[in-house]
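Colleague: Encoded as structure tokens, here's the structure I'll be asking about.
Taken together, the values in this text are just the output of simple stated rules run on the coordinates, not laboratory data. Every value quoted in this text rests on a predicted model; they were computed, and no experiment measured them. Ideal geometry is used to build each Cβ from the backbone, glycine not excepted, and the neighbour counts take in all protein chains shown.
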Protein chains: 2
Amino acid sequence: VSTDGKPRLGRRVLERLMRYYRFLSETTARKPLESVTSAHIAAALDIDATQVRKDFGAIGVLGMGRVGFDVCEVCRGIRVALGFDQPYQAVVVGTGHLGSALLAYPGFATYGLEIVAAFDKAKGKIGTTVGRCPVKSMRSLKPFIRKHGIRLAIITTPASAAQTVADRVVSAGVSAIWNFSPTQLVVPRHVYVRNEHISLGLSVLAYHLKR
Amino acid sequence: VSTDGKPRLGRRVLERLMRYYRFLSETTARKPLESVTSAHIAAALDIDATQVRKDFGAIGVLGMGRVGFDVCEVCRGIRVALGFDQPYQAVVVGTGHLGSALLAYPGFATYGLEIVAAFDKAKGKIGTTVGRCPVKSMRSLKPFIRKHGIRLAIITTPASAAQTVADRVVSAGVSAIWNFSPTQLVVPRHVYVRNEHISLGLSVLAYHLKR
């Protein structure tokens, strides 16, 4: 239980809530929908219906019996529980293909994330714009984070540069790192790291394909 | 237990094996290392040491008492268990930023994956080359998969196009899809889908940042 008296939600619950949210957003974008049953969500996402109801219960969203759940209420509940209603700013370090993909993606605002600047060591890129974001020099990384109170750094550099970048953004005061470089970062306990190691998926895929 | 008499490995075990493999590859690239203890791996990857030994045991890699594990034997065991020693070919559909990032990444060969062609519907891209791969028209997608016996399709199209692409690659005969588009695909039971929904990470990050 956290300091505000509400139960802390684990990573798997948070990820499932995100999947419900995205599914409901997609579905309602196609056609208006007032209510939805846990069975419907469960079937679409290959999750157990009891689990869906349990997750909704954990964020205080209660069903209406056989009618199921009010879609607006579920979406609002998830937004508040996950913090999408409290926008936060981030910087991207590394503007290769992957960094550019993140900078160009228009969907992050839905989740409260605003990317305000990008950083790269390549002189030719500094001063340019990628996906509406200015690309700045690595020297200005720490001052920028401090000045704007940036809380999240998104690292998309090669593995060899990632730890140095992590050290710098941590010392500048970020609370979290979204790490896309295929390496394990060492950071102080108070900094949260989310690893997005894309090649992890190949373990499962290669294993499946060899059968 | 699978048809070849060996126990099937679950997704989480496979992902941990991948992390051990990457960690040992990185570590030995920096300096030669003959043996390693489960405690050392456990500390570096924030995994329980008992779990590490259990995972190694599951793929038939046994320790040497206090000395720990032979690094070469561990790496070879993981490569064979995950199927990295049995190369397979894949195509990428969608050559936006993310598709280009995957096409340009040199590290996939280590895991047995060879990307042999890319497909896009943008006329201006067809006939060009992205990361040494020829970009072909969507019309040639099905014939190409059939002709070359491609088993994996990597989808990086926008969400709106992903299901149509999935239907086409499935009917052409792929066994697995690596899905980077932020949508839930519907496929027959025999096709394995690995979802790489990057925005899932934002659930945990936003939740952490709001505290």
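Colleague: Using DSSP to call loops (not H, G, I, E or B), can you name the trypsin sites (Lys or Arg not before Pro) in the range A:6-66 whose Cβ has at most 13 other Cβ atoms within 10 angstrom?
Modeller: Working: sites: A:Arg8, A:Arg11, A:Arg12, A:Arg16, A:Arg19, A:Arg22, A:Arg30, A:Arg53, A:Lys54, A:Arg66; in loops: A:Arg8.
Sites meeting the loop and neighbour criteria: A:Arg8.
Colleague: What gaps in nm, shortest first, separate B:Pro32 from its twins in the other copies when you place the label 7 Å past Cα toward the beta carbon?
Modeller: Reported distances to equivalent positions: 7.3 nm.
Colleague: Over the Cα atoms of the protein assembly as shown, each weighted equally, I'd like the Debye log10 I(q)/I(0) at q = 0.10, 0.14 Å⁻¹, rounded to two decimals.
Modeller: Results for the protein assembly as shown at q = 0.10, 0.14 Å⁻¹ read -0.78, -1.52.
Colleague: Can you compute the radius of gyration and Dmax for the range A:37-91, using only the Cα atoms, both in Å?
Modeller: When restricted to Cα atoms, the range A:37-91 yields Rg and Dmax of 12.9, 45 Å.
Colleague: Using a Förster distance of 45 Å, how high is the FRET efficiency between A:Glu34 and B:Glu15, based on the Cβ-Cβ distance and rounded to 0.05?
Modeller: So the FRET efficiency works out to roughly 0.70.
Colleague: Within a 10 angstrom radius of the beta carbon, how do B:Glu73, B:Glu34 rank from fewest other beta carbons to most? Each step should come with its number before you reach the end.
Modeller: Values: B:Glu73 16, B:Glu34 11.
If I rank by nearby Cβ atoms, fewest first, I get B:Glu34, B:Glu73.
Colleague: Which whole-Hz ³J(HN,Hα) couplings does the range B:55-69 yield from phi under the Karplus relation 6.51 cos²θ - 1.76 cosθ + 1.60, θ = phi - 60°, glycine and proline marked x?
Modeller: 3J(HN,Hα) across the range B:55-69, in whole Hz: 5, 5, x, 5, 10, x, 9, 9, x, 10, x, 5, 5, x, 10.
Colleague: Calculated FRET efficiency, A:Arg132 and B:Ser160, Cβ-Cβ r, R0 22 Å, to nearest 0.05? Let's see the in-between values first.
Modeller: Values: r = 22 Å, r/R0 = 1.00.
Efficiency, rounded to the nearest 0.05: 0.50.
Colleague: For the range A:159-200, run through the trypsin sites (Lys or Arg not before Pro) and keep only the ones in DSSP coil with at most 11 other Cβ atoms within 10 Å of their Cβ.
Modeller: A:Arg189
Colleague: Under a point spin-label approximation (7 Å from Cα along Cα-to-Cβ), what is the A:Arg189-B:Asp48 distance to one decimal in nm?
Modeller: Output for this residue pair reads 2.0 nm.
Colleague: How far is helix A:71-82 tilted, in degrees, relative to the longest principal axis of the Cα atoms in chain A, given as a value from 0 to 90 rounded to the nearest 10?
Modeller: 40
Colleague: Just to be sure I understand: if I project the alpha-carbon convex hull of the range B:136-211 onto a plane and average over all orientations, what area do I get in nm²?
Modeller: Its average projected convex-hull area is 5.8 nm².
Colleague: Let me ask something additional. Once Rh for the range B:6-123 is found with the Kirkwood sum over Cα pairs, what is the Stokes-Einstein diffusion coefficient at 20 °C and 1.002 mPa s, in µm²/s?
Modeller: Rounded to a whole number, D works out at 134 µm²/s.
Colleague: Label-to-label distances across copies for A:Ser160, with labels 7 Å out along Cα→Cβ, in nm, shortest first?
Modeller: 4.1
Colleague: Hey, another quick one. Considering all projection directions equally, how large on average is the shadow of the alpha-carbon convex hull of chain B, in square nanometres?
Modeller: 14.9
Colleague: What are the ³J(HN,Hα) values, in whole Hz, obtained from phi via the Karplus relation 6.51 cos²θ - 1.76 cosθ + 1.60 with θ = phi - 60°, for each residue of the range A:202-210 in sequence order, with x given for Gly and Pro?
Modeller: Along the range A:202-210, the couplings run 5, 4, 6, 5, 4, 4, 5, 6, 7 Hz.
Colleague: Using the reciprocal of the averaged 1/r over all distinct C-alpha pairs, how large is the Kirkwood radius of the range A:112-154 in Å? Walk me through the intermediate numbers first.
Modeller: On the way: mean 1/r = 0.0924 Å⁻¹.
That comes to 10.8 Å for the range A:112-154.
Colleague: For A:Lys123, place a label point 7 Å from Cα along the Cα-to-Cβ direction in every copy; what are the distances to the other copies, in nm, shortest first?
Modeller: With the label placed 7 Å along Cα→Cβ, A:Lys123 yields 4.1 nm.
Colleague: Please list the non-local residues whose amide H lies under 5 Å from the amide H of B:Val193, H modeled 1.01 Å from N, same-chain partners needing a gap of 5 or more.
Modeller: Here B:Ile177 satisfy the definition.
Colleague: Follow-up. Provide the per-residue ³J(HN,Hα) series for the range B:32-38, in order, calculated from phi with Karplus coefficients 6.51, -1.76, 1.60 and θ = phi - 60°, each as a whole number of Hz, with x at glycine and proline positions.
Modeller: Ordered by residue, 3J(HN,Hα) equals x, 8, 8, 10, 8, 9, 5 Hz.
Colleague: Using the count of nearby Cβ atoms within 10 Å as a rough guide to exposure, how do A:Ile177, A:Ile47, A:Ile198 rank from fewest to most?
Modeller: With the sparsest Cβ surroundings first, the list reads A:Ile47, A:Ile198, A:Ile177.
Colleague: Counting helices only, and only those DSSP H runs with n ≥ 4, report the 222 nm mean residue ellipticity of chain B as the sum of -39,500 (n - 2.57) divided by its residues, in deg cm²/dmol to the nearest 500.
Modeller: -13000 deg cm²/dmol
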